[in-house]
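The values are calculated or read from the model by the stated rules, or taken from the named source; none is laboratory data. A quick note: this is a predicted structure, and the numbers were derived from the prediction, not measured. Here the Cβ positions follow ideal geometry from the backbone for every residue, glycine too, while neighbour counts run over all protein chains shown.
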C-alpha cells in the first residue's frame, strides 16, 4: 500500500479517536448529569450538563434556530477543507498535520451533536470562586489543542523551517 495513503489513514484514525472519545464522554455526561445538579470533582472543576445550541461559549445560543443550519454548514465545509489540507501536508509537516487532525476530530464530534440533537453537549466546567469559564467538551479540547499547535507551527516552527531551506 502507498505510504501516503497509510499516513493519511493514520491521521484520519487520530481524528476518529477524538470523535469516539468525544461522543462516548458526551453520552456518559448526558446519561449521568441530566436533571442532576453539577457534580463537584475538584474545588475548581465540575461536571455539569449544558446543551449548547450556539457556537463557542454559547455565542448565538438564543438566535431562534437559524444558527443550527449555519453551524452545520460551516462544520461540513471546514471539515472538507481540513481533509484536503491534511492530504496536502502529508510528508511535509507532521506537527501541523497532527494539529489539523485534532481540529478535524473535534469539528466532527461537535457536528455529530448538531446533526443528531440540534445542540452540542458540553459538560466540563472550570471555575474559581465566582469566576466561571464556559462549559466545554472533549471536542473543544481537541480543537483548542490543534489550534495551539497550528499557531505554534505558524509562529515558531515555520520560521525555523524557512531558515533550514
Select from region 19-50 the residues that are more than 22 Å from residue 111 (Cα to Cα) and in contact with a helix residue (DSSP H, G or I) (Cβ under 7 Å, 6 or more places away or on another chain) and list them in ascending order. 39
Only one residue in 105, 91 is touching a helix residue (DSSP H, G or I) at 6+ places or on another chain (Cβ under 8 Å), closer than 19 Å to residue 10 by Cβ and in a helix (DSSP H, G or I). Which one? 105
Go through (1) in contact with a helix residue (DSSP H, G or I) (Cβ under 7 Å, 6 or more places away or on another chain); (2) modelled with pLDDT of 95 or more; (3) closer than 21 Å to residue 148 by Cβ and name the single condition residue 75 misses. (2)
